[in-house]
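The next block holds one structure in the form of structure tokens; read it before the comments.
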Amino acid sequence: MDIKKVTGVYFSPAGSTKTVVETTADELARLFKAECRYISLNTPSDRAQEYQFAPDELVVFGCPVYAGRLPNKISPDFARCLHGEGTPAVALVTYGGRAYDNALAEMRDLLTKNNFKPAAGGAFLCRHVFSDKLAAGRPDAADLSELRMLAQGAALKLRNGGEIKPPKVPGDAQAAYYTPLKTDKTPAKFLKAKPTTAMVLCEHCGLCAKICRWVRLTRTTRLIFRVPVLNAVPARLTARAVQRNLMIRISCRTRLCWSSITPRNARKTHIFSKER
């Protein structure tokens, strides 16, 4: 197959998935001696556009895992705005150490339904966004090396010609979304929780935006940008202290998710290219 262009497409609020996608796309562009470009789907305006990919283009699509699935608030945007024409693709998911569960299978099926032809896929550990202790330092040099190996395997498969069949990956793309439970076993609808803020303590210093990448991505909403992320945050509190307190609160809410966290030095990279 003659690849004229390699395109990296990513949703990467914390930046790690962007690194994973760019490393893979760069290596594929080098192998095929093709043009390389990148498309971010981080903001609502990015996802409002429609993207069409040609048959001689190779798309590397990456997204972080949310409770074992693609983010359910945003994956409908992926299905709406990404369109292939029998376009070959590489599917990548990143996760913070628990498990990627059904996310890679879901991405493979999403791409297939949108007229892409997934040739390979992989799941890679990245530092968890809730803590700098979970999968610390990932992706590291060894991860980047494995990404280049994945790219080389995908290039070899595409050069061999013939029909591109999607790789066999673990998971069930149609599985139900994870539902966190409270101690009484009823659903914990923490996503509907809204922080309250003592505005008299807010000096509009922007610390919340400096320490929280998500705030930076959504700062077009003035209220999100100007209001501290915690209840009644004293103006004298340092950015690091705010960050630490925020992480503690979030991780306590989702404690049950992390019952099988990967040890810090474990690799747990998963690469797939064999056909179903």
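The values are calculated or read from the model by the stated rules, or taken from the named source; none is laboratory data. If you're wondering where the values come from, they're calculated on a predicted model, not measured in any experiment. All Cβ positions, even for glycine, are placed from backbone atoms using ideal geometry, and neighbour counts span all protein chains on display. Just the protein is used for accessible areas: all its heavy atoms, side chains included, with ligands, DNA and RNA removed. Shrake-Rupley method; radii C 1.70, N 1.55, O 1.52, S 1.80 Å.
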Expected output is a single nm value to one decimal: the length gained when fully extending between Glu35 and Glu203, i.e. 0.36 nm times separation in residues minus the C-alpha distance. What is it?
55.8 nm
How large is ³J(HN,Hα), in whole Hz, for each residue of the stretch 28-43 in order, when computed from phi with the Karplus curve 6.51 cos²θ - 1.76 cosθ + 1.60 and θ = phi - 60°, using x for Gly and Pro?
5, 5, 5, 5, 8, 6, 10, 5, 10, 9, 10, 10, 8, 10, 6, 9
So if R0 is 22 Å, what FRET efficiency would Thr112 and Tyr51 give, r being the distance between their Cβ atoms, rounded to the nearest 0.05?
0.85
Given a 1.4 Å probe, how much area per residue of the stretch 93-162 is accessible, in Å²?
37 Å²
To check you understand DSSP bridge types, tell me what percent of the beta bridges within the stretch 11-107 (both residues inside) are antiparallel, rounded to 5.
10 percent
XL table Lys18/Lys182; Lys5/Lys133; Lys4/Lys113; Lys113/Lys185; Lys113/Lys157; Lys18/Lys189; Cα-Cα > 26 Å flagged, in table order, is Lys18/Lys182; Lys5/Lys133; Lys113/Lys185; Lys18/Lys189
Highest mean first, how do 56-62, 153-159 rank when packing is the count of other Cβ atoms within 10 Å averaged over residues?
56-62, 153-159
Enumerate the amide H contacts of Ala188 below 5 Å, restricted to partners 5 or more residues apart or on another chain; note that Pro and chain-start residues carry no placed amide H.
Leu181, Lys182
Amide hydrogen neighbours beyond the local backbone of Tyr38, cut-off 5 Å, H modeled
Gly8
What FRET efficiency comes out for Asp184 versus Asn72 if R0 is 25 angstrom and r is the Cβ-Cβ distance? Round to the nearest 0.05.
0.55
Taking all protein chains as present, what is the carbon and sulfur share of the accessible area of the stretch 59-149, in % to the nearest whole number, probe 1.4 Å?
53 percent
